Amino acid sequence: MTSWLRHHGQSLADALRRLAQEPLGSALNALVIGVALALPLGAFLALETVERLVPRAATEPEMSVFLDLDATRADAERLERELAKLPGVRQTRFVPKDQALAEMGRTEGLADIVATLKRNPLPDAFVLRLTPGANATEAADGARRLGKVAKVQIDSAWVARLQASLAFGRAAALVLAALLGVGLVAATFNTIRLQLATRRDEVEVSRLVGATEAWIRRPFLYSGAIQAVLGAGVAIAIAVGASLYLGPFLARLGSLYGGEITPMLPNPATVAAVIGVAALLGLAGAWLSVSVHLRRLH
Amino acid sequence: MPAIRFQEVGKRYPGGHEALRRVTLDIEPGEMVFLTGHSGAGKSTLLKLIPAIERPTHGVVLVNGQNVGRMRAAAVPYLRRNLGLVFQDQRLLHDRSAFANVMLPLAAAGLTPRDAAKRVRAALDKVGLLDRERSDPVALSGGEQQRLCIARAIVNRPSILLADEPTANIDADLAGEIMAMFRDFNRVGVTVMIATHDLGLAARFASRTLRLDHGSIAP
């Protein structure tokens, strides 16, 4: 057991020493792996940045019910009771036309227009909040059938569209990550193949003096994993660098929309995940390579 | 129980070349045996069957009672740790020092670096290379390289030492030195088997000599 642990330590040290002996080759390997990993990592961080802009509350479907302009206070009270009974409606909120106009006046860019209006063109309205997952279209149809209702608008439709776009983006990033993961395995496979070719004598002599296959394999497995981890480090550095570079541009874009956009930096969990996944893929590539090529050396 | 026993052993290589035919022999523990014969007589093949570098096509090869011809691949490393091998082509590693070359079998066997270092120095001392432990193998003379190879073979304290043409590439004086070294190992109980085409060298030792002729043991 202790000799097994010791050999793990020795294999790690051996792999590191060999990397250091060829600094240029090792750096280029890490760079190739790093760029490959930076693409899905960057896509993931970009999606996170956009996702944070979507108000969380809006993921609950919402709709506005506008009344006819001649609807009275009594109509509104009746409608409030009827709307509350519609399937999926969790909450109703009455927005009188005066309040709507006042809110509009506070909205950037609309204040001047509101000030020039001679009379209030807005109707009374209800804002309905639906239970999450409720069928907004069905509720809207129900509301349209009620008297004195002029128009029903599902406000959360844009959120649903954005959510669908983000889901598509996430799926696309996952496909990209899977493809580049395969690329990482292939890159490690090839690197380890070259290492095995240059260390062929050592492998053969080790076998002749009584080394087990596991013992021979171990330094190569460490080598594969270490290279992938170095690549992950490069990928994280690229992602952080790109975020910092793009930060001011996004901030300016955000200020034009009256909001604040800051690019996501990889958090510790993301960093750990990237390094962990890279190490596993590097290990897998090295394992495949060693399994295939050591058998051929027999 | 003989240290090495061949029963009706045949070895045919892919392609049809028949290297050994119905070889039967016993080598007792502590014996020193020369294996002679013309080039291509099957000496190397016979030696390679003992550490399971090659497997017999017919017959049984027993090493310390174990049937090595049918041994599982996973068990072969443990067999080899009990055998010392000196190769015709030496097979030294040129990317590391003399010390590290001799260390390899001990590292593979999982010894602690401290114990291993002691045994490496003892082995280098036995072959007279203790002062060259830091040298690269390429910096050593032919005779020194052969001695380094022997140090690597004995560092595991094997019970059986196999040498294939250990004096092929060195001059006569050095060859005598190398042979004296093998005799010394034999005197402390190691079973030694040496393949050589040099009949004169074999004749100088009062040891049993087996002659191979076209793959068969000559009477």
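Quick note: the coordinates plus some simple rules give every number you see, no bench work behind them. Just so it is clear, the model here is predicted, and its values are computed rather than measured. Positions of Cβ are generated from backbone atoms using ideal geometry, with glycine treated the same way; all protein chains shown enter the neighbour counts.
One table, with the values for the structure above:
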{"quantity": "Test result for residue A:94, over 22 Å from residue A:233 (Cβ atoms), in contact with a Pro (Cβ under 7 Å, 6 or more places away or on another chain) and of a type outside the set (A, V, I, L, M)", "calculated": "no"}
{"quantity": "Contacts under 8 angstrom Cβ, first residue in segment A:278-292 being over 19 Å from residue A:198 (Cβ atoms), partner of a type in the set (Asp, Glu) and surrounded by fewer than 24 Cβ atoms within 10 Å (Cβ to Cβ), 6 or more apart", "calculated": "none"}
{"quantity": "Residues (closer than 15 Å to residue A:27 by Cα and in contact with a Gly (Cβ under 7 Å, 6 or more places away or on another chain)) located in segment A:234-263", "calculated": "A:234, A:235, A:238"}
{"quantity": "Selection within segment B:69-86 - in contact with a strand residue (DSSP E or B) (Cβ under 6 Å, 6 or more places away or on another chain) and within 13 Å of chain A (Cβ to nearest Cβ)", "calculated": "B:83, B:84, B:85, B:86"}
{"quantity": "Residue list for segment A:196-207, restricted to those being surrounded by fewer than 20 Cβ atoms within 10 Å (Cβ to Cβ) and either away from every other protein chain (no Cβ under 11 Å) or not β-branched (Val, Ile, Thr) (or both)", "calculated": "A:197, A:199, A:200, A:201, A:202, A:204"}
{"quantity": "Selection within segment A:187-204 - out of contact with any helix residue (DSSP H, G or I) (no Cβ under 7 Å at 6 or more places or on another chain) and over 14 Å from residue A:220 (Cβ atoms)", "calculated": "A:201, A:204"}
{"quantity": "Total residues in segment B:122-137, condition under 22 Å from the mean Cα position of the chain (by Cα) and either surrounded by fewer than 16 Cβ atoms within 10 Å (Cβ to Cβ) or within 14 Å of chain A (Cβ to nearest Cβ) (or both)", "calculated": "5"}
{"quantity": "Segment B:49-68 - residue that is of a type in the set (Gly, Ala, Ser) and not in a strand (DSSP E or B) and, of those, farthest from the other protein chains (Cβ to nearest Cβ)", "calculated": "B:65"}
{"quantity": "Lone unmet requirement of (1) touching a residue at least 24 places away in the same chain (Cβ under 8 Å); (2) over 30 Å from residue A:180 (Cα atoms) for residue A:44", "calculated": "(2)"}
{"quantity": "Matching residues in segment B:67-103 - criterion: being within 19 Å of residue B:26 (Cα to Cα) and over 18 Å from the mean Cα position of the chain (by Cα)", "calculated": "B:67, B:70"}
{"quantity": "Restricting segment A:161-195 to residues that are within 30 Å of residue B:81 (Cα to Cα) and among the hydrophobic types (A, V, I, L, M, F, W, C), the residue that is farthest from the other protein chains (Cβ to nearest Cβ)", "calculated": "A:192"}
{"quantity": "Single condition residue A:241 does not satisfy, out of (1) touching a residue at least 60 places away in the same chain (Cβ under 8 Å); (2) more than 9 Å from every other protein chain (Cβ to nearest Cβ)", "calculated": "(1)"}
{"quantity": "Subset of segment B:49-84 that is on the phi > 0 side of the Ramachandran plot and small (Gly, Ala, Ser) - its residue that is surrounded by the fewest Cβ atoms within 10 Å (Cβ to Cβ)", "calculated": "B:65"}
{"quantity": "Residue identified as in contact (Cβ under 8 Å) with a residue 40 or more places away in the chain and either in contact with a Leu (Cβ under 7 Å, 6 or more places away or on another chain) or under 30 Å from residue A:228 (Cα atoms) (or both) among A:123, A:132", "calculated": "A:123"}
